[in-house]
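To keep things clear, I will list the structure first and then write my remarks on it.
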Amino acid sequence: MKSSLNYEVVVIGGGPAGLSATIKLAEKGVKTLLIERGRFCGAKNVFGGVIYTSAVKELVSNFPEVEPFPCERAITEEGFFLVSETTLSKITLIKKEKIPQSFSALRTKFDYWLSEVALKKGADIAVKTKVIDLIKNNKGEVKGVVVERPESWENSKPAKISANLVIIAEGVNRILTQKAGLLKRDWSPEEVVLSVKEIIQLPKAELEARLGLKEEEGLAVELIGDITSGLPGMGFLYTNQNSLSFGIGIFLKSLVENKIKPYNLLEKAKTHPYLKELFQGGEILEYSAHLIPEWGLEKLPKLYGKGVLTAGDAVGLVNPFFREGANLAIYSGIYAAETAYYALEKGDFSEKTLSLYEEKIKSSYFYKDFLLFKDIKKNLLVSSKWYNFYPQFLNFVLESYFSSRGKEKKEILKEILKELKKKRGRLKVLKDLWNIFKIFR
Ligand SMILES: Cc1cc2nc3c(=O)[nH]c(=O)nc-3n(C[C@H](O)[C@H](O)[C@H](O)COP(=O)(O)OP(=O)(O)OC[C@H]3O[C@@H](n4cnc5c(N)ncnc54)[C@H](O)[C@@H]3O)c2cc1C
């Protein structure tokens with residue numbers, strides 16, 4: 001890398017947001033440089049992860065008919081496992097679609113594939129390169145970045161790269177978003193979920209047999225209940241080719257307040273009889289931890305400034321309830337690229353011109369979903385009754401329903417109602433149902 005470089009657009013971060021922006025800009029012939037601090041795009045990145053086909057198709061129109069195929073398995077069964085201490089009830093949907101709506105993926109492979117697409121379209125990518133600052137002119141307009149290459153530039157000084165416009169797609173830790181003046185302070189513990197994940201390898205045939213899957217079929221489920229030891233959060237279990245992605249995400253605030261180490265939670269979850277059997281003999285290939293931004297609409301940063309846009313997790317575009325994050329990063333990257341292209345054509349990088357980006361985000365389907373997410377978070381996501389009582393109760397009902405125990409059915413029903421009254425109370429249950437109805441009405 002030379003000590004001084006000029007680009008039309010510099011994109012910071014080789015995750016789905018940055019890579020999508022880069023692909024779309026390079027496609028239009030814009031001189032674009034993507035800067036990624038990892039050894040390659042995807043090297044540092046973590047997700048569950050399931051990715052929706054529709055978003056990837058926006059980038060690569062012949063997806064999933066692509067070579068090399070960047071995903072693991074088509075998701076043919078998905079839903080929820082409601083977990084009690086010893087039992088587990090499954091609510092899953094089995095799908096036999098021609099083109100699956102989603103795929104499981106590993107980021108090392110998926111992000112790397114996107115970077116290959118970007119390179120083929122003509123973008124430049126600098127890996128092992130960290131952006132440490134933004135260059136601003138005397139009018140406060142962002143005009144480039146300052147980078148460091150700690151691993152490969154022995155004794156090197158930070159280098160400057162100039163650009164007409166910078167797109168920040170740095171992920172959840174929004175250091176540069178703050179430097180750009182788009183954000184006053186970063187997240188607080190009640191606004192982020194800390195997720196820990198293991199990739200557990202099993203022989204392919206064994207994995208399929210244990211989950212009742214055919215070759216190439218995949219399962220993606222969220223686990224709710226005792227899996228998080230009653231704390232507000234969820235678990236996830238997704239199938240890869242010959243491994244399982246298993247993880248738990250809890251609001252950081254709850255972990256701190258309850259002095260719980262997430263790794264211990266994961267270890268405890270793995271002792272559940274169903275999971276213990278499922279993972280038996282499996283080899284842990286990887287352990288990772290990452291934050292998920294769940295601050296919702298009220299805490300969104302400013303999306304644009306003079307000569308700068310921000311996309312993906314840096315904005316907080318995650319809707320965990322519907323497993324949307326990477327796909328929203330892709331959409332926001334595309335909108336950022338479209339806005340950047342419009343600004344380049346006009347030769348105007350003022351806030352007025354770049355406000356087009358906010359218009360695009362605000363008229364998207366997912367922005368409207370965020371209005372709904374606000375209520376879901378308030379009424380469901382942070383309230384432990386949904387994690388403690390209901391999953392356990394459903395398991396109790398099913399267990400009672402399917403056990404004869406030499407008792408009259410009326411007696412069993414009485415026991416169920418007694419349990420309901422003892423643990424939650426009928427009025428409270430009606431109130432809970434009303435709250436759910438209010439959210440979705
Ligand atoms: C455990 C977990 C499970 C998830 N499961 C799912 C799922 O199943 N489905 C789904 O759709 N979403 C899921 N998500 C959310 C999803 O991963 C994110 O929403 C998505 O990755 C955001 O993409 P991004 O490009 O904005 O950020 P990231 O993917 O975080 O990428 C940011 C990139 O910027 C780079 N970077 C940061 N700072 C600098 C710098 N200064 N200089 C150079 N490079 C820099 C990083 O190395 C990284 O490559 C999950 C998240 C987690 C943590």
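Computed from the coordinates by the stated procedures, all read-outs in this text should not be read as laboratory data. This one's a predicted model, so the numbers in the text were calculated from it and none came from an experiment. Neighbour counts run over all protein chains shown; Cβ positions are idealised from the backbone, glycine included.
Starting from the range 59-102, pick out the trypsin sites (Lys or Arg not before Pro) whose DSSP state is loop and whose Cβ has at most 14 other Cβ atoms within 10 Å.
Here the trypsin sites (Lys or Arg not before Pro) that fit, given the DSSP loop and packing criteria, are Lys95, Lys96, Lys98.
Using C-alpha pairs under 8 Å with a sequence gap of at least 6, the mean separation divided by the residue count of the chain gives a relative contact order of 20 percent. Note on the range 1-113: semi-axes of the ellipsoid equivalent to its C-alpha gyration tensor, largest first and rounded to whole Å, are 35, 18, 10. Over the chain, the reciprocal of the mean inverse Cα-Cα separation, the Kirkwood hydrodynamic radius, stands at 23.3 Å. For the range 400-441, the number of Lys pairs separated by eight or more positions or lying on different chains, with C-alpha atoms closer than 26 Å, is 28.
Rg/Rh for the range 383-440: what does it come to with C-alpha atoms and Rh from Kirkwood?
Value, to two decimals: 1.04.
The long axis of helix 351-362 is offset from the longest Cα principal axis of the chain by roughly 20 degrees.
Here the range 189-293 is treated as a sphere whose radius is the Kirkwood value from Cα pairs; by Stokes-Einstein at 25 °C and 0.890 mPa s it diffuses with a coefficient of 174 µm²/s. When only alpha carbons of the range 227-277 are considered, Rg and Dmax amount to 11.7, 38 Å. Of all beta bridges that DSSP places with both ends in the chain, some 65 percent have antiparallel geometry.
State which stretch of the chain is the longest one without any exposed GluC sites (Glu not before Pro), exposure meaning a DSSP loop state and at most 13 other Cβ atoms within 10 Å. Numbers along the way, then the final one.
Details: sites that count: Glu65, Glu85, Glu97, Glu151, Glu154, Glu215, Glu216, Glu408.
Counting at most 13 other Cβ atoms within 10 Å as exposed, the longest clean stretch of the chain is 217-407.
Under 5 Å between amide hydrogens, built in the peptide plane, is the criterion, and for Lys143 it picks out Ile135, Lys136, Asn137 among residues at least 5 positions away or on other chains.
Among the listed pairs Lys44/Lys121; Lys28/Lys160; Lys96/Lys268; Lys28/Lys139; Lys184/Lys352; Lys44/Lys360, those with a Cα-Cα distance over 31 Å are Lys96/Lys268. Counting only residues at least eight positions apart within a chain, or on another chain, the aspartates and glutamates with an alpha carbon under 14 Å from that of Lys270 are Glu85, Glu198, Asp226, Glu283. For the pair the range 199-261 and the range 16-51, the centres of their Cα atoms are 26 angstrom apart. Seen against the Cα atoms of the chain and their longest principal axis, helix 16-27 is set at about 40 degrees. Every helix of 4 or more DSSP H residues in the chain counts as -39500 (n - 2.57), and over all residues that averages to -11000 deg cm²/dmol at 222 nm. For trypsin sites (Lys or Arg not before Pro), the sites in the range 154-242 that DSSP calls loop and that have at most 11 other Cβ atoms within 10 Å are Lys184, Arg185, Lys214.
Assuming charge only on the beta carbon of Lys and Arg (+1) and of Asp and Glu (-1), the dipole of the chain about its Cα centre is about 1460 debye to the nearest 20. Magnitude of the charge dipole for the range 225-365, about its Cα centre and with charges confined to Cβ atoms of Lys, Arg (+1) and Asp, Glu (-1), is about 300 debye.
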